[in-house]
1. Any residue in region 1-30 that's closer than 14 Å to Val188 by Cα: show its pairings with residues that are among the polar types (S, T, N, Q) and part of a loop (DSSP other than H, G, I, E, B) at Cβ separation under 6 Å, as long as the two are six or more apart or on different chains.
2. Collect the residues in region 35-48 that are among the small types (Gly, Ala, Ser), farther than 21 Å from Asp125 by Cβ and buried (at least 16 other Cβ atoms within 10 Å of the Cβ), keeping them in residue-number order.
3. Within region 79-88, identify whether any single residue is of a type in the set (D, E, K, R) and either over 17 Å from the mean Cα position of the chain (by Cα) or surrounded by fewer than 20 Cβ atoms within 10 Å (Cβ to Cβ) (or both), and answer yes or no.
4. Go through region 14-32 and report how many residues are assigned to a loop (DSSP other than H, G, I, E, B), closer than 28 Å to Leu158 by Cβ and of a type outside the set (Gly, Ala, Ser).
5. Just to check your reading of the model, which residue among Ala131, Ala124, Ala116 is over 15 Å from Ala73 (Cβ atoms), in contact (Cβ under 8 Å) with a residue 40 or more places away in the chain and buried (at least 18 other Cβ atoms within 10 Å of the Cβ)?
6. Conditions first: (1) surrounded by 19 or more Cβ atoms within 10 Å (Cβ to Cβ); (2) among the hydrophobic types (A, V, I, L, M, F, W, C); (3) touching a Pro at 6+ places or on another chain (Cβ under 8 Å). Ala26 passes all but one, so which condition is the exception?
7. I'd like to verify a number: residues in region 50-69 that are surrounded by 15 or more Cβ atoms within 10 Å (Cβ to Cβ) and either among the hydrophobic types (A, V, I, L, M, F, W, C) or part of a strand (DSSP E or B) (or both), how many?
8. Given the condition at pLDDT below 95 and at positive phi, answer yes or no: does some residue in region 99-113 qualify?
Amino acid sequence: MTRIPCQLYLISPLDVGGDFPARLTATLDAGPVAAFQFRVKGLEQHEAARLAAPLQAICAAREVAFIVNDDVALAKRLGADGVHLGQGDGDPREARRELGPNAQIGVTCHASRHMAMEAGEAGADYVAFGAFYPTTTKAVEHQAEPEILEWWQGMFELPCVAIGGITVDNARVLVDAGADFLAVSGGVWAYPDGPAAAVQAFNDLLKDQPAG
């Protein structure tokens, strides 16, 4: 089996108002991005949907999967490409019933092999491990090591996502360990030269992968 090269999975900042649609457009146009996760907190669903609509259209025009964080109901309302579930955000089986057979359903598994296997058995399309590095995006309660990516790749065909504090400077070890996707937020949006330059830098890194 030939492994698909690792790809970039972009997570939104919490503030997606104002000029963010223009920022997202420029960022996605800077290089290949496999998926964009819409991650906002504490908003009423109607407001979240209003903010999501232009971003979803930007992603659709570029064939970037639009994934909603945590909220199956919002994902269904938007007709999103999928949903990403934390451990407290519901069962992948129920999400599948709500969103249909073609939805991409991801599950946060922290540093737990058991959680990852359970997610796979429940029909998840990918599992996410992390945090691998300190991050300012959210409180880090679970520290993952690259070895869990190596273990997963050796055992399962289901894609795995590495998340948590990933930057251009520290991503190589995760790519080499077997991450199928690098989920990045601050490492793109807070990049000193701007998010478009960050996407270019990540893609330069991801081009340099061994075949197979």
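1. From region 1-30, the pairs are Ile11/Ser185.
2. Of everything in region 35-48, just one residue is among the small types (Gly, Ala, Ser), farther than 21 Å from Asp125 by Cβ and buried (at least 16 other Cβ atoms within 10 Å of the Cβ), namely Ala48.
3. No, region 79-88 contains no residue that is of a type in the set (D, E, K, R) and either over 17 Å from the mean Cα position of the chain (by Cα) or surrounded by fewer than 20 Cβ atoms within 10 Å (Cβ to Cβ) (or both).
4. Adding up the residues that qualify gives 1.
5. Ala116
6. (1)
7. So the count comes out to 11.
8. Among the residues of region 99-113, not one is at pLDDT below 95 and at positive phi, which makes the answer no.
The values are calculated or read from the model by the stated rules, or taken from the named source; none is laboratory data. Predicted, not measured: the structure shown is a model, and the values here were computed from it. With ideal geometry, Cβ positions are generated from the backbone for all residues, glycine too; neighbour counts draw on all protein chains shown.
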